[in-house]
Amino acid sequence: MIYTLTTNPAIDMNVTTNGIKPRLVNRTSNTIYSPNGKGINVTLVLKHFQVNSHVLGFFGGFTGKYILDQLTERNVVSSPIWVEDTTRINIFVNDGEDEYKFVNAGSVVPKEKQIEFLKKLRSLDDCEYLVISGSLPQGIPLDYYDEIFSICDQKGIKVILDISSRKLKELLKYKPLLIKPNDEEIKDIFGAEIKDETDVVKVLKFLGAEGAQNVLLTLGEKGAYFSDGKSVYFCTAKPIQLVSSACAGDAALGAFLSEWLLNDNVEAALKKSAATGANVAESNALGNLKNVNAYMEHIIVRKVGN
C-alpha cells in the first residue's frame, strides 16, 4: 500500500478576476475550494488513475474536517492526527494575465501530536511506500524527518521525497527511493545552477552519488528528466495556457508513481506525468484531468546520450 504524508495540509481557494485594483471592490468568479496539501494531491491523482493510497497528516478545526470529509466522499482512506489549531486556507488569484499566490503558515503541531504520528507510523503493517510531500508545519523541527526515516528504515518502508527544505541535502544519506526536486530547489538547496543538459546530467549524477536511488527533476515548461542511476531520460512538456500552477507538480508526481511503481515503465510514467501536470496547470485546483490521454500523444521521451 502507498501512504502519503501531508504534515501541513490546506484548503486551496482558487479564484478568477478581471483585473485587480487597489481600494476597490474586486469581484471574483469561478471560485473553487479543494482539499489540498502536496501529499493529498498525490493521493487524489493516484485515485484518478485507479491506484489506492492512504492519507496521513495533521488536521484541525472546521477546515481540517472539510478536507477529510471531501476525501471520504472520494472514497479515500485517511488516518488523521487531530490538532487544536485550524488547518490553513491558501488563496490563488488569477487576474486574467498573472497568478498571485497567498500561502499561510499553517497550524501549530505540538510535541505530543508529533509523537502520536510516529506511533501511528510504527503501527502500520501494510505500508510499502511512504510519499512525504510539502512543508513542515509550525512546531515541528527539521530533525523530525530523521525520526520518520528511522522508523521507515526499521520497517522496510521505501520513501519518496518531495520537499523544498534544505534538509533534503542531509536526508539523501537515507537513500530515498525517489526525490522530485525542480531546478529552483536544486539551486537553493545544492547550489547548482542548471543552464543546459550537461548541467542536468552532472546534477543527477551528484544526487545519485549522495544517496538518491532515483531522481525526477522537473523544469516546468522546459520538461523533465529522470535518472535511475544507470540511465537518464528527458521528457518534453505540453504547452498550455496557465491558469494556476498550484497542484501541478504534485499531480505530476502522482501520475508518475501510478505508472512507475506499478509497471516499472519509465517512458509511460514520464508521458503521463508531463500530460497530467500540464492539464492541471491549465485548470483551477486539480481540475478533471480529462485531457491527459490526449496530451500524452504530444509528449516525447528520449534517452539522454542516445
Q. Sorted from fewest to most neighbouring beta carbons within 10 Å, what does the list ARG23, ARG302 look like?
A. ARG23, ARG302
Q: Considering only PHE149, PHE59, PHE206, give the residue with the highest GNM mean-square fluctuation for the chain, with springs between Cα atoms whenever their separation is below 10 Å.
A: PHE206
Q: Using a Gaussian network model of the chain whose springs link C-alpha atoms within less than 10 Å, name the residue from ILE91, ILE20, ILE189 with the highest mean-square fluctuation.
A: ILE20
Q | q = 0.07, 0.13 Å⁻¹, the chain: log10 I(q)/I(0) [Debye, one scatterer per Cα] | A | -0.26, -0.93
Q | Residue order, fewest to most surrounding Cβ atoms within 10 angstrom, among ILE32, ILE186 | A | ILE32, ILE186
Q: Please build a GNM for the chain, connecting alpha carbons under 10 Å apart, and tell me which residue among ASP199, ASP162, ASP250 fluctuates the most.
A: ASP199
Q: Would you work out if the range 36-181 is rounded, prolate or oblate? Take a ≥ b ≥ c from the square roots of the eigenvalues of the alpha-carbon gyration tensor; rounded if a/c is under 1.5, else prolate when a/b is larger than b/c, oblate otherwise.
A: rounded
Q) Which FRET efficiency value, to the nearest 0.05, is calculated for VAL77 and ASN18 with the Förster distance at 30 angstrom and r the Cβ-Cβ distance? A) 0.15
Q) Roughly how many nanometres apart are two label points built 7 Å out from the Cα toward the Cβ at SER231 and ARG302? A) 1.5 nm
Q.
Can you compute the modelled spin-label distance between ARG122 and ASP188, with each label point 7 Å from Cα toward Cβ, in nm?
A. 3.3 nm
Q. In what sequence do THR4, THR63 fall when counting other Cβ within 10 Å, fewest first?
A. THR63, THR4
Q: Please give the calculated 222 nm ellipticity per residue for the chain, where each DSSP H segment of at least 4 residues contributes -39500 (n - 2.57) and the sum is spread over every residue; nearest 500 deg cm²/dmol?
A: -11000 deg cm²/dmol
Q) Using the per-residue mean of other Cβ atoms lying within 10 Å as a proxy for protection, in what order, highest first, do the peptides 41-53, 108-120 fall? A) 41-53, 108-120
Q) Using modelled backbone amide H atoms (1.01 Å from N, in-plane), which distant-in-sequence or interchain residues come within less than 5 Å of HIS54's amide H? A) ILE2, TYR3, THR4
Q.
Using a Förster radius of 45 Å, what is the FRET efficiency between ASP143 and LYS290 based on their Cβ-Cβ separation? Nearest 0.05, please.
A. 0.55
Q) Hey, got the dipole for the chain? About the Cα centre, +1 on K and R Cβ, -1 on D and E Cβ, debye to the nearest 20? A) 80 debye
Q. Which of GLY19, TYR3, PHE49 sits farthest toward the positive end of the charge dipole of the range 1-82, with +1 on the Cβ of Lys and Arg and -1 on the Cβ of Asp and Glu?
A. GLY19
Q: Evaluate E = 1/(1 + (r/R0)^6) for LYS65 and THR198, where r is the Cβ-Cβ distance and R0 equals 35 Å; express this FRET efficiency to the nearest 0.05.
A: 0.10
Q: Please give the residues of the range 131-147, grouped as numeric ranges, whose backbone N is less than 17 Å from a label point set 7 Å along the Cα-to-Cβ vector of ILE115.
A: 139-141, 144, 147
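Assigning unit charges at the beta carbon (Lys, Arg +1; Asp, Glu -1) and nothing else, what dipole magnitude in debye, to the nearest 20, does the range 134-191 show about its Cα centre? Kindly include the intermediate steps, with their values, before the conclusion.
Details: 9 positive and 10 negative charges, 43 e Å.
Here the range 134-191 has a charge dipole of around 200 debye.
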(Q) Can you work out the Karplus-derived ³J(HN,Hα) for every residue in the range 286-294? Use 6.51 cos²θ - 1.76 cosθ + 1.60 with θ = phi - 60°, whole Hz, and x for glycine or proline. (A) 7, x, 9, 6, 6, 9, 4, 4, 5
Q: Would you mind telling me the antiparallel percentage of the DSSP bridges in the range 2-303, rounded to 5?
A: 40 percent
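We did not get these values from a lab; they are worked out from the coordinates using the rules stated. None of the values given here were measured: they were computed from a predicted structure. Please note: Cβ atoms are built from the backbone with ideal geometry, for glycine as well, and neighbour counts cover all protein chains shown.
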